[in-house]
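Below is one structure, written out as structure tokens; the observations come after it.
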Amino acid sequence: MGIEIERKFLVSGDAWRNDSGVLYRQGYLNRDKARTVRVRVAGDAAYLTVKGQSTGASRAEFEYPIPCADAVALLALCDGPLIEKTRYIVLHAGMRWEVDEFAGDNAGLVVAELELASEDQAFEHPAWLGAEVTHDARYFNSNLATHPFRAW
């Protein structure tokens, strides 16, 4: 079983920005709190992901590559609007940050995620890192699909 340990933060400024952005389109086949099922097209790759309920900053995660044509067909079956964002990989102090700049109804929202080996793992906070939102369900992508940032 895969376990994802992830911390999530708001981002301020543009000091994180680089040219490595990849367009992501994703939707949800199930958004139940106990289990979400996501379909994602990320550039030329596609994935089907099942995530369990969060406990602290951890949750079960199972992710499988699927053919892009299958992912596009599954996106049409998703419940609610799709999430569109550009993901940037930013290396800072030996850590790999994923910075998501959202589009559409979530435009204006920029969130940084960091996957850790343990919930208490120490890491250096980049200057562009804002408030932590790990436990704020409004920032879960599955919630942003139906309760977009612009409507808050």
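Listed by first and then second residue, the pairs with beta-carbon distance under 9 Å, at least 6 apart or on different chains, first residue in region 130-152 and of a type in the set (Asp, Glu), second surrounded by fewer than 17 Cβ atoms within 10 Å (Cβ to Cβ), are Glu132/Leu10.
Does region 1-54 hold any residues that are among the aliphatic types (A, V, I, L, M) and without any contact (Cβ under 8 Å) to a residue 24 or more places away in the chain, and which are they? Within region 1-54, Ala34, Val37, Ala45, Val50 meet the criteria. Checking Ala34, Ala42, Ala46 one by one, the residue that is modelled with pLDDT of 95 or more and more than 13 Å from the chain's Cα centre (by Cα) is Ala46 and no other.
Taking first residues from region 109-127 that are closer than 13 Å to Ile5 by Cβ and partners that are polar (S, T, N, Q) and surrounded by 10 or more Cβ atoms within 10 Å (Cβ to Cβ), the Cβ contacts under 7 Å between residues at least 6 apart in sequence or on separate chains come to Glu119/Ser58. Within region 89-100, residues that are in contact (Cβ under 8 Å) with a residue 40 or more places away in the chain and more than 9 Å from Phe123 (Cβ to Cβ) sit with their Cβ atoms under 7 Å from residues that are open to solvent by less than 10 Å² (accessible area, probe 1.4 Å) and part of a strand (DSSP E or B), at 6+ positions apart or across chains, in these pairs: Val90/Trp97; Val90/Val99; Trp97/Ala112; Trp97/Leu114; Val99/Ala112; Asp100/Lys85; Asp100/Val111. The lone criterion from (1) open to solvent by 80 Å² or more (accessible area, probe 1.4 Å); (2) of a type in the set (Ser, Thr, Tyr); (3) in contact with a Ser or Thr (Cβ under 7 Å, 6 or more places away or on another chain) left unmet by Thr36 is number (1).
Hey, does region 63-84 have a residue that's in contact with a Leu (Cβ under 7 Å, 6 or more places away or on another chain), at positive phi and open to solvent by less than 50 Å² (accessible area, probe 1.4 Å)? No, the conditions are met nowhere in region 63-84. With the condition kept exactly as written, say whether any residue in region 68-82 is in a strand (DSSP E or B) and touching a residue at least 12 places away in the same chain (Cβ under 8 Å). Checked against the condition, which is being in a strand (DSSP E or B) and touching a residue at least 12 places away in the same chain (Cβ under 8 Å), region 68-82 yields no hits at all.
Ala137 satisfies every condition listed in (1) touching a helix residue (DSSP H, G or I) at 6+ places or on another chain (Cβ under 7 Å); (2) crowded, with 16+ Cβ neighbours inside 10 Å; (3) closer than 25 Å to Ala34 by Cβ except (2). Considering the conditions (1) in a loop (DSSP other than H, G, I, E, B); (2) open to solvent by 40 Å² or more (accessible area, probe 1.4 Å), Arg96 is excluded by exactly one of them, (1).
Could you tell me whether region 116-123 includes any residue that is touching a Gly at 6+ places or on another chain (Cβ under 6 Å), modelled with pLDDT under 95 and either in a loop (DSSP other than H, G, I, E, B) or surrounded by 15 or more Cβ atoms within 10 Å (Cβ to Cβ) (or both)? Checking region 116-123: at least one residue is touching a Gly at 6+ places or on another chain (Cβ under 6 Å), modelled with pLDDT under 95 and either in a loop (DSSP other than H, G, I, E, B) or surrounded by 15 or more Cβ atoms within 10 Å (Cβ to Cβ) (or both).
The values are calculated or read from the model by the stated rules, or taken from the named source; none is laboratory data. It should be emphasised that the depicted structure is a prediction, and the values quoted were computed from it without experimental measurement. Positions of Cβ are backbone-derived with ideal geometry, glycine not excepted, and every protein chain shown enters the neighbour counts. Please note that ligands, DNA and RNA were not included when accessible areas were found on the heavy atoms of the full protein model with its side chains. Shrake-Rupley method; radii C 1.70, N 1.55, O 1.52, S 1.80 Å.
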